[in-house]
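Report on one structure; see the data block that follows.
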Amino acid sequence: MLKAFVDDYAEEDPMAREQMTGAQIILKALADQGVTDVFGYPGGAVLPIYDAIFQQNRIRHILVRQEGGAVHAAEGYARSTGKVGVVLVTSGPGATNAVTGLTDALMDSIPIVCLTGQVPTHLIGNDAFQEADTTGITRPCTKHNYLVKDVNDLARVVHEAFDVASSGRPGPVVIDLPKDVQMGLGVYVEKEASKRKSYQPQLKGDLNKIKDAVEIIKNAKRPIIYAGGGVINSGPAASQLLRKFVRVTGAPCTLTLMGLGAYPASDKQFVGMVGMHGTYESNMAMHDCDVMVAVGARFDDRITGRLDAFSPDSTKIQIDIDPSSINKNVHVDLGIVGDIGHVLEDLMKAWRANHGKSDENSIKKWWQQIEEWRSVDCMKFDQSGDIVKPQYAVRRLYEHTQQQSKDVFVTTEVGQHQMWTAQHFGFDKPNHWLTSGGLGTMGYGLPAAMGVQVAHPDALVVGVAGESSFMMNMQELSTIQQYRLPVKCLILNNFYMGMVRQWQELLHGSRYSESYMESLPDFVKLAEAFGMTGLRATKASEVDDLLAEMIKIDGPVIADLHVDPKENVFPMIPSGAAHNDMLLGPGDKVGQPVSEDGMVLV
Amino acid sequence: MNPPEEPQRTHTIAVLVDNEPGVLARVIGLFSGRGYNIESLTVAETRRGRHLSRITVVTTGTRMVIEQIKAQLMRLIPVHSVSDLTLEGPHVERELALVKVRGTGDARVESLRICDIFRARAVDSTNESFVFEIVGNSSKIDAFVELMRPLGLTDVSRTGVVAILRGPESMESES
């Protein structure tokens with residue numbers, strides 16, 4: 001009895017609770033949030049945290065070579081696991097180097113918690129050494145950010161940051177930590193169940209709207225389901241539900257770049273990727289459909305093409321957890337706010353309750369039309385002769401990985417190789433395809449692959465890259481070597497910033513201004529310099545051997561594969577053009593000169 | 001490339017936020033970052049005990065833009081509620097202005113007479129100047145300022161619009 005009284009008393013009195021340093025509080029909070037890996041780089045303003053890291057073994061720290069690499073690695077880690085990626089960097093340049101990664105995570109809705117050091121509170125605003133206004137700089141590129149000025153707020157803020165980063169539409173959160181707060185003594189608080197009052201994302205969709213949606217979809221004659229990264233963010237169950245939903249409706253399903261893997265590419269109802277470099281059948285179906293169901297997709301300009309010609313005759317239904325995504329670019333007739341998993345579940349229930357059955361005859365006719373578009377075979381390419389077509393390389397990579405018993409993850413950088421990988425590598429599972437979609441960050445893929453491999457040590461992780469993107473963050477090769485991460489870097493080397501070159505060819509009279517790279521390194525020797533294996537192939541006949549060896553080698557590899565420098569990504573919707581105005585191949589010329597409106601678009 | 005002739009509307013939006021550092025910067029950054037207009041913006045803590053501030057913002061845009069603005073505001077973590085007073089029903093809008101007029105003789109007498117008509121008050125006076133305080137909706141203040149201009153107007157300081165719904169409903173009760 002007496003003991004119980006004492007325990008109660010102990011809980012009531014904060015002074016009786018154990019005092020810890022801010023740095024210890026941070027590490028305890030991270031551990032309680034289930035964090036096992038942190039990507040970071042030390043510096044003066046985070047030394048107390050690094051000292052606390054040294055004295056514990058629950059959390060592993062991965063030492064990157066530049067802070068930008070840390071954020072992309074955490075993105076790869078987060079997207080391949082569904083967990084929050086954690087970054088730890090110092091003040092000033094540490095924080096500013098992280099900005100690109102934070103923006104990337106914001107655009108692609110990746111949950112990241114980034115801890116930044118800050119000069120001590122009494123020096124803030126004094127232009128102190130390595131001081132930057134981190135909360136000011138990161139305000140527009142984070143979902144939310146905090147500057148913690150009292151050590152007793154620390155634990156609560158860290159817990160709240162994890163909740164904000166991972167719930168609703170996920171995104172990056174920065175916690176700026178002045179050095180005196182890291183060293184001060186304070187009290188730890190457990191992660192609370194109660195959420196912040198002003199932040200309560202809506203998970204369940206409006207049931208009446210869901211019923212309306214069923215009615216609309218049931219009566220559709222030419223439906224299409226257009227799904228995006230939101231499905232993947234909602235979790236694997238949402239992808240399963242999407243599959244069922246597509247199955248019962250009989251509709252074709254297309255995916256955005258970020259959505260690849262949310263629906264199996266090998267399924268017959270999949271019509272390929274949509275958008276600027278999507279398939280002919282997908283874009284034509286988007287244009288001609290009478291009902292469009294957007295699931296966790298945001299009508300990005302790379303998807304819609306010319307807005308006033310975007311799917312002109314369709315009734316549009318949009319499901320998204322972010323109300324601001326609905327009616328942002330494209331007017332939708334029925335917007336349902338909610339988590340994709342929750343809404344699809346209710347949608348399936350409502351479908352059954354309604355004894356939903358699609359109009360079979362119309363759907364059949366619709367598929368006949370789609371098959372006709374499919375027969376154009378828009379992804380065809382001609383691999384003849386010695387010069388390696390990049391599409392061929394990606395196809396062969398896909399075939400080789402299919403024979404693997406290991407889980408296979410693919411990351412890319414940004415540019416032509418990214419589009420070829422999206423087009424020619426079939427993704428059947430969510431969370432296995434990692435690319436920088438919204439921000440288009442060259443230099444994303446290598447550190448992202450590193451993050452994936454940290455989370456999945458036994459998986460086969462292939463980072464497909466162009467030689468230019470690869471060089472943007474190749475300092476991380478050193479990290480890969482340090483942690484013995486067997487990442488396979490496959491460089492589709494065409495000696496150009498290929499996508500820039502392609503646009504210059506198509507839109508700027510083939511004036512290749514600054515898009516050719518002189519003095520590229522010898523990537524094989526580069527690999528050797530970092531202590532890893534380097535491979536090279538320059539002929540089509542060598543591709544299979546190169547890929548087989550790359551996969552077989554037990555350790556990190558850089559495979560330098562020389563590909564056709566003149567190859568362009570097709571099909572393509574030129575900027576400012578409509579979906580039904582695609583270029584299918586080099587034979588197609590831009591129909592009319594791209595309008596000025598189109599030229600100003602990126 | 002949007003349908004060009006969507007009419008522009010002016011809306012008065014009330015936003016209830018946690019009063020914490022940076023919250024105003026978040027709101028203003030949202031408007032400037034996304035290219036929305038701010039015609040006026042006022043902010044002050046209204047519930048000291050609960051650390052709540054109320055922001056009143058007057059903005060213009062097409063219907064889709066206004067809807068976007070509200071959805072984007074609602075996305076900010078410290079924002080509790082967003083109400084579009086222009087849509088939600090009759091509301092009272094008020095602005096306060098301090099207007100300095102310098103002059104002597106007839107002009108001085110005339111300025112006092114107009115002050116009377118507008119139910120403004122002289123809150124400071126010297127032999128050659130007045131400071132008037134005027135409260136009303138923005139167009140009333142515009143009219144007052146225009147009338148004062150030929151009478152020696154030198155300075156105007158305006159608060160921007162504050163607004164509240166008529167009737168018993170409250171936007172602060174639940175949050």
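Laboratory data are not the source of any read-out in this text; all were calculated from the coordinates shown. Every value quoted in this text rests on a predicted model; they were computed, and no experiment measured them. For neighbour counting, all protein chains shown are included, and Cβ atoms are generated from backbone atoms with ideal geometry for every residue, glycine included.
Structure data summary
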quantity	calculated
Pairs of Cα atoms farther than 45 Å apart, the protein assembly as shown, %	33 percent
Extended-chain gain in nm, criterion 0.36 nm per residue less alpha-carbon gap, A:Ser375 and A:Arg511	45.5 nm
Theoretical gain in end-to-end length, A:Asn361 to A:Lys566 [0.36 nm per residue, Cα-Cα removed]	69.3 nm
The range A:118-190: GluC sites (Glu not before Pro) in DSSP coil with no more than 16 other Cβ atoms inside 10 Å	A:Glu190
Qualifying trypsin sites (Lys or Arg not before Pro) in the range B:31-66, DSSP loop, other Cβ atoms within 10 Å at most 11	B:Arg48
Shielding score for B:30-42, defined as the mean number of other chain Cβ atoms within 10 Å	1
Simple spin-label estimate for A:Asp407 and A:Glu518 in nanometres, 7 Å along Cα-Cβ	4.6 nm
Whole-angstrom gap from the range A:271-331 to the range A:360-403, using each part's C-alpha centre	22 Å
0 to 90° range, to nearest 10: angle between helix A:2-12 axis and chain A longest Cα axis	60 degrees
Cα lying deepest toward the dipole's positive end in the protein assembly as shown, options B:Asn127, B:Thr154, B:Thr10, charges on Cβ	B:Thr10
Set of lysines with alpha-carbon distance to B:Lys140 below 21 Å, sequence-local pairs under 8 removed	B:Lys100
At 1.002 mPa s and 20 °C, Stokes diffusion of the range A:213-365 via Kirkwood alpha-carbon radius, µm² per second	143 µm²/s
Sparse-neighbourhood loop sites, chymotrypsin sites (Phe, Trp or Tyr not before Pro) in the range A:151-257 - DSSP loop, at most 12 other Cβ within 10 angstrom	none
Excluding exposed DSSP-loop trypsin sites (Lys or Arg not before Pro) (at most 10 other C-beta within 10 Å), longest clean stretch of chain A	A:1-267
Above-threshold pairs, the threshold being 20 Å between Cα atoms, out of A:Lys380/A:Lys488; A:Lys268/A:Lys389; A:Lys197/A:Lys349; A:Lys316/A:Lys380; A:Lys389/A:Lys539	A:Lys380/A:Lys488; A:Lys268/A:Lys389; A:Lys197/A:Lys349; A:Lys316/A:Lys380
Beta bridges by DSSP in chain A, antiparallel share as percent, to the nearest 5	5 percent
